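One structure is given here, and the rest of the page talks about it.
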Amino acid sequence: MEKLISAEQFDTFKKGERTVFLFSADWCPDCRVIDPLLPGIEADYPEYEFVYVDRDQFIDICAEHDIFGIPSFIVYSEGKEVGRLVSKDRKTREEITAFLDHPEA
């Protein structure tokens, strides 16, 4: 998973065909629970580009996109948001994969 390094890079990634942004933080226990799941999920969804967004480093991006709980996911396609799985709740592999199967639902 690529780690976001700048706000400009965020805008570039948004323009991709299918980009999944994972909003997270090192101190977040619910985020750490899903860490071991992410490599398998990435392997199962090669059509997506996965980007890690550190909530503390990019608090302005989080605020602009109404990310008030982590871990959270937003999918962009060609500059448009097509789906979000945003809440403060812990996510399961099943919830994440169901979301990636139908992000626009």
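The values are calculated or read from the model by the stated rules, or taken from the named source; none is laboratory data. What you are looking at is a predicted structure, and each value in this text was computed from that prediction instead of being measured. As a convention, Cβ positions derive from the backbone with ideal geometry for all residues, glycine included, and neighbour counts pool all protein chains shown.
Among the residues of the stretch 31-42, not a single one is in contact with an Asp or Glu (Cβ under 8 Å, 6 or more places away or on another chain) and touching a residue at least 12 places away in the same chain (Cβ under 8 Å).
Within the stretch 52-63, residues that are buried (at least 18 other Cβ atoms within 10 Å of the Cβ) have Cβ atoms under 6 Å from residues that are among the β-branched types (Val, Ile, Thr) and at pLDDT below 95 in these pairs: Arg55/Ile70, counting only partners at least 6 apart in sequence or on another chain.
Count of the stretch 56-87 residues, restricted to those that are among the basic types (Lys, Arg) and either in contact with a Pro (Cβ under 9 Å, 6 or more places away or on another chain) or at positive phi (or both), is 1. For the stretch 40-51, which positions are touching a Lys or Arg at 6+ places or on another chain (Cβ under 8 Å) and either surrounded by 12 or more Cβ atoms within 10 Å (Cβ to Cβ) or aromatic (Phe, Trp, Tyr) (or both)? Result: Ile41, Tyr48, Glu49, Val51. Within the stretch 1-57, restricting attention to residues that are assigned to a strand (DSSP E or B) and of a type in the set (Ser, Thr, Tyr), which residue is farthest from Arg90 (Cα to Cα)? In this case the residue turns out to be Thr19. Restricted to the stretch 64-105, and to residues there that are acidic (Asp, Glu) and surrounded by fewer than 14 Cβ atoms within 10 Å (Cβ to Cβ), the residue that is modelled with the lowest pLDDT is Asp89. Against the numbered list (1) buried (at least 16 other Cβ atoms within 10 Å of the Cβ); (2) among the acidic types (Asp, Glu); (3) over 11 Å from the mean Cα position of the chain (by Cα), Glu17 comes up short only at (1).
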